[in-house]
Amino acid sequence: MNYQQTLDYLYSQLPMFTRDGPSAFKKDLTNTIELCTRLGDPQDKFKSIHIGGTNGKGSTSHMLAAILQTAGYKTGLYTSPHLRDFRERIRINGEMISEQAVVDFVARHKTDFEEIKPSFFEMTVAMAFDAFVKEQVEIAIIEVGLGGRLDSTNIITPLLSVITNIGWDHVNMLGDTLQLIAGEKAGIIKPNIPVIVGEYQPEVADIFINKANERKAPIRFASEDWDIEVKGERQKAKGEEFLDIEVRKKDSELKTQDLRLDLPGTYQLKNVKAVLSAVDELREQGFTITDEHIHTALRQVKILTGLHGRWEVLSHHPLTICDTGHNPEGIAEVLKNIQNVPYKQLHFVMGVVNDKDISKILAMLPKSAIYYFCKPDIPRGLDSDGLKQQAAKFGLAGKNYPTVKAAFKAAQNNAGDNDLVFVGGSTFVVAEVV
């Protein structure tokens, strides 16, 4: 099979969460363990950092990878889902693995797939671990796919675990309270392995503390480590693509550091705290990472790692921005950033998946916006007419369109020079415009 035929085989043969939803989520690690056993247990042959949480784990993973690359370490990066190209999930020093590597891996292990019947995600995790060993990475950043305790990535023994925060997402699989969701996320905490929790949230903090104590894992909350402020006036007012911040470590005599981020959403302030605390821990473990490495890396995360879709400016005429935030907490952060952009009229291109309760999100959205309802090009996408009908119950008005691209084009055509076009609601909507 060539590359496209190989992808077609994987998409058609393996249960895939983005296509099939919860039915593709395996509630144990049996398949992953069996597949990796046949591969010679690659997960035990490279150093790793494990990153979970509800929001921000992708940005945090990419920022850490950029810093480690800049510091001279050969760095693997495993993330999900991909936006445009399957190979985005598996990168080494920012470069996607080759098409031939994907073809060869599937050809070698097709019989294993047919015997074990792994999910698409389980297969991809195994492919990533195998690639990191073959390429002899010095450190790999491994992003949790869904949850933590039962996620396929949770067979690694990392140097460090990071949990960004807890929010309402995948409640049909992880639990219908923040405490239950936090319990699943805390499942990546390993015996004696340090854990950093990005955000101290009083309602769930004890769950992490208790799990860490139970496993004798040193724990710290990054939000308690750092003071971070945006420098000067709000830069995003003109759709600028950088965020300048001042950083000071609490309880320290060190002077304030100035950092420039090429990920300009203000929600990155939370993620940067987790990244800086992670760097502190890595330094204690013997990694050579200078302040200049941090400064250099954070100015060019997108260039170094290929990250897209995080408060990303797509054009300036009209000002058009997209963001992958797709749960209540993520949308709340998006709305904060939208409020900081001066505009005459907001044009909101919106699509969602069909297996989530979106009432909390719809209740938050501005009624003054003009909406362009669309269906992301995946089987789980909610029909645009259905989305329009649900939105109408919350006073949100607009038209529905057959595709994301049609909605996007209509919004840009209708927007005036002083208007703002925003594209979001789902990672899969953003994937069609970046």
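The values are calculated or read from the model by the stated rules, or taken from the named source; none is laboratory data. Just so it is clear, the structure is predicted and the values come from calculations on it, not from any experiment. Backbone-built Cβ (ideal geometry, glycine too); neighbour counts: all protein chains shown. Protein only, heavy atoms only, side chains kept; ligands, DNA and RNA dropped before computing areas. Shrake-Rupley method; radii C 1.70, N 1.55, O 1.52, S 1.80 Å.
What to note about this one:
- Using a simple spin-label model with pseudo-atoms 7 Å out from Cα toward Cβ, T403 and D44 lie 4.9 nm apart.
- Among I155, I181, I49: highest mean-square fluctuation, GNM of the chain, C-alpha pairs under 10 Å: I155
- The range 138-222, accessible area per residue, ligands and nucleic acids excluded (1.4 Å, Å²): 34 Å²
- Stokes-Einstein translational diffusion, the chain - Kirkwood Rh over all Cα pairs, 1.306 mPa s, 10 °C, in µm²/s: 72 µm²/s
- Pairs from the list K367/K399; K27/K185; K367/K388; K47/K134; K344/K388 with a Cα-Cα gap above 20 Å: K344/K388.
- Whole-angstrom gap from the range 324-369 to the range 385-403, using each part's C-alpha centre: 13 Å
- Expressed as a whole percent, the accessible area of the chain that falls on carbon and sulfur atoms is 48 (1.4 Å probe).
- Along each principal axis, Cα extent of the range 291-434, largest first, Å: 52, 35, 25
- L396 sits among other residues whose Cβ lies under 11 Å from its own Cβ, and their net charge, with Lys and Arg +1 and Asp and Glu -1, is +3.
- Taking a Cβ cut-off of under 10 Å around D323, the surrounding Lys, Arg, Asp and Glu residues balance to a net charge of -1, with basic ones at +1 and acidic ones at -1.
- Taking all Cα pairs closer than 8 Å and separated by 6 or more residues, the relative contact order of the range 202-333 comes to 19 percent.
- Think of a 1.4 Å ball rolled over the protein heavy atoms: the range 290-434 then has 42 Å² of accessible area per residue.
- MRE, 222 nm, helices only [DSSP H, n ≥ 4, -39500 (n - 2.57), over the chain, to nearest 500]: -11000 deg cm²/dmol
- K47, K185, K74, reordered so the largest accessible area comes first (probe 1.4 Å): K47, K74, K185
- Per residue, the range 59-101 exposes an accessible area of 31 Å² to a 1.4 Å probe, with every protein chain left in place.
- Percent of beta bridges antiparallel (DSSP, the chain, rounded to nearest 5): 35 percent
- Cα-centred dipole magnitude for the chain, charges only on beta-carbon of K, R (+1) and D, E (-1), debye, nearest 20: 560 debye
- Accessible surface of W168 - all protein chains present, 1.4 Å probe, nearest 10 Å²: 70 Å²
- Packing here is the average count of other Cβ atoms within 10 Å per residue, and on that basis the peptides 364-375, 33-44, highest first, run 364-375, 33-44.
- Stokes-Einstein D (µm²/s) once Rh is taken as the Kirkwood radius of the range 75-227 over alpha-carbon pairs, at 4 °C in 1.567 mPa s: 77 µm²/s
- The Rg/Rh ratio for the range 232-327, using Cα coordinates for both the radius of gyration and the Kirkwood hydrodynamic radius, is 1.00.
- Dipole-positive endmost among G187, H109, G94 within the range 94-193 (Cβ charges, Cα centre): G187
- Across S359, S152, S119, mean-square fluctuation computed from a Gaussian network of the chain (C-alpha pairs under 10 Å connected) peaks at S359.
- Summing +1 for each Lys or Arg and -1 for each Asp or Glu among the other residues whose beta-carbon sits under 12 angstrom from that of F287 gives -2.
- Ordering L396, M123, T427 by Cα displacement along the dipole of the chain toward the positive end leaves L396 in first place; charges were set at the Cβ atoms of Lys, Arg (+1) and Asp, Glu (-1).
- Unit charges at the beta carbon, dipole of the range 279-434: most positive-side option, A363, V279, W311: A363
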